[in-house]
Amino acid sequence: MGVEASILKELGNLGMTVTELSAIRQLVKTHIHNPAFLTPFDTLVDELGKCYDVLLGVFEPLVALDTEAAFLDAFDSRHEAFRASYLTQASKPRPCAENAFEAYLILKTLKESRTGYPILRRTFARLDELVDKWVTNDAWLVMHLDGALKMLNRLLIEVAELKQRDPEDAWLVFGPAFAGFSRYLVLIRDARGALRG
């Protein structure tokens, strides 16, 4: 699988998880109003939301280079900014996922999470699966974020090397790739916004 396809796969997985979290949040906020429950629930959502903020913060300055002129003018500086912050950005999601899991453990002790009300019982089953498969079990959420950043780094190095030899060809690699990434990032950005609402 090529670098671009690998990034798209990671973005697709991340888009799915933030969309699922957003749907769960909406159902919980509609049916539960107890502050003792909502405080740890909001912590869980906020901490996971920070993971998506890292992704958006890294990708969006690059996606903004949506014309050849913008690419030729700003790619080098944006690539350098990415390289300077790559390791710092890559290290941010893991503690957020750990904090989210701690909040989840608190939620599991509260009576609301053991409700017999069908829609909430189903919602909590969805939350349990999301946390189990994406937050705690091999930290898939963190791994997919890390994978997206690693593949992005690889792609940017390839584009930078190509740009030194042939800027026009570099744009022909960069432009379509980031146009594709942009479609997934719109979904992630919208779902992330719903986590705040």
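The values are calculated or read from the model by the stated rules, or taken from the named source; none is laboratory data. Model, not experiment: these values are computed from the prediction. Here the Cβ positions follow ideal geometry from the backbone for every residue, glycine too, while neighbour counts run over all protein chains shown. Each accessible area value is taken on the protein alone, full model and side chains, heavy atoms only, with ligands, DNA and RNA left out. Shrake-Rupley method; radii C 1.70, N 1.55, O 1.52, S 1.80 Å.
Which of the residues spanning the range 133-149 are assigned to a loop (DSSP other than H, G, I, E, B) and touching a residue at least 40 places away in the same chain (Cβ under 8 Å)?
Residues of the range 133-149 assigned to a loop (DSSP other than H, G, I, E, B): 137-139.
Scanning the range 133-149 gives a single hit, Ala139.
Quick check on the range 1-40: of everything there that is among the small types (Gly, Ala, Ser) and either under 22 Å from Pro95 (Cα atoms) or not in a helix (DSSP H, G or I) (or both), which residue is least open to solvent (accessible area, probe 1.4 Å)?
The first filter runs over the range 1-40 and keeps only residues among the small types (Gly, Ala, Ser), leaving 2, 5-6, 12, 15, 22-23, 36.
Still in the list and also either under 22 Å from Pro95 (Cα atoms) or not in a helix (DSSP H, G or I) (or both): 2, 15, 22.
Values: Gly2: 41, Gly15: 2, Ser22: 20 Å².
Among those that are among the small types (Gly, Ala, Ser) and either under 22 Å from Pro95 (Cα atoms) or not in a helix (DSSP H, G or I) (or both), it is Gly15.
From (1) under 17 Å from Lys9 (Cβ atoms); (2) open to solvent by 90 Å² or more (accessible area, probe 1.4 Å), pick out the condition that doesn't hold for Leu185.
With respect to (1) under 17 Å from Lys9 (Cβ atoms); (2) open to solvent by 90 Å² or more (accessible area, probe 1.4 Å), Leu185 is out only on (2).
What are the residues in the range 24-66 that are free of Cβ contacts under 8 Å to residues at least 12 places away in the same chain and polar (S, T, N, Q), if any?
Thr30, Thr39
Give me the pairs, please: first residue somewhere in the range 150-177 and touching a residue at least 60 places away in the same chain (Cβ under 8 Å), second residue anywhere and open to solvent by 40 Å² or more (accessible area, probe 1.4 Å) and among the aliphatic types (A, V, I, L, M), beta-carbon distance under 6 Å, and either six or more positions apart or on two chains.
If the second residue must be open to solvent by 40 Å² or more (accessible area, probe 1.4 Å) and among the aliphatic types (A, V, I, L, M), the pairs left are Val159/Val173; Pro167/Leu72.
Quick one: in the range 133-174, which of the residues that are of a type in the set (Asp, Glu) and closer than 30 Å to Pro95 by Cβ is modelled with the lowest pLDDT? Spell out how you get there, then give the answer.
Pass one, the range 133-174, residues of a type in the set (Asp, Glu): 138, 146, 158, 161, 166, 168-169.
Add one more test, that the residue is closer than 30 Å to Pro95 by Cβ, and what stays is 138, 146.
Working: Asp138: 60, Asp146: 95.
For the range 133-174, the residue satisfying everything is Asp138.
Can we say Glu102 is under 22 Å from the mean Cα position of the chain (by Cα) and not aromatic (Phe, Trp, Tyr)?
Working: under 22 Å from the mean Cα position of the chain (by Cα): yes; not aromatic (Phe, Trp, Tyr): yes.
Considered against the rule, which asks whether it is under 22 Å from the mean Cα position of the chain (by Cα) and not aromatic (Phe, Trp, Tyr), Glu102 comes out as yes.
Go through the residues of the range 133-141 one by one and say whether even a single one is open to solvent by 80 Å² or more (accessible area, probe 1.4 Å), in contact with a helix residue (DSSP H, G or I) (Cβ under 8 Å, 6 or more places away or on another chain) and hydrophobic (A, V, I, L, M, F, W, C).
yes
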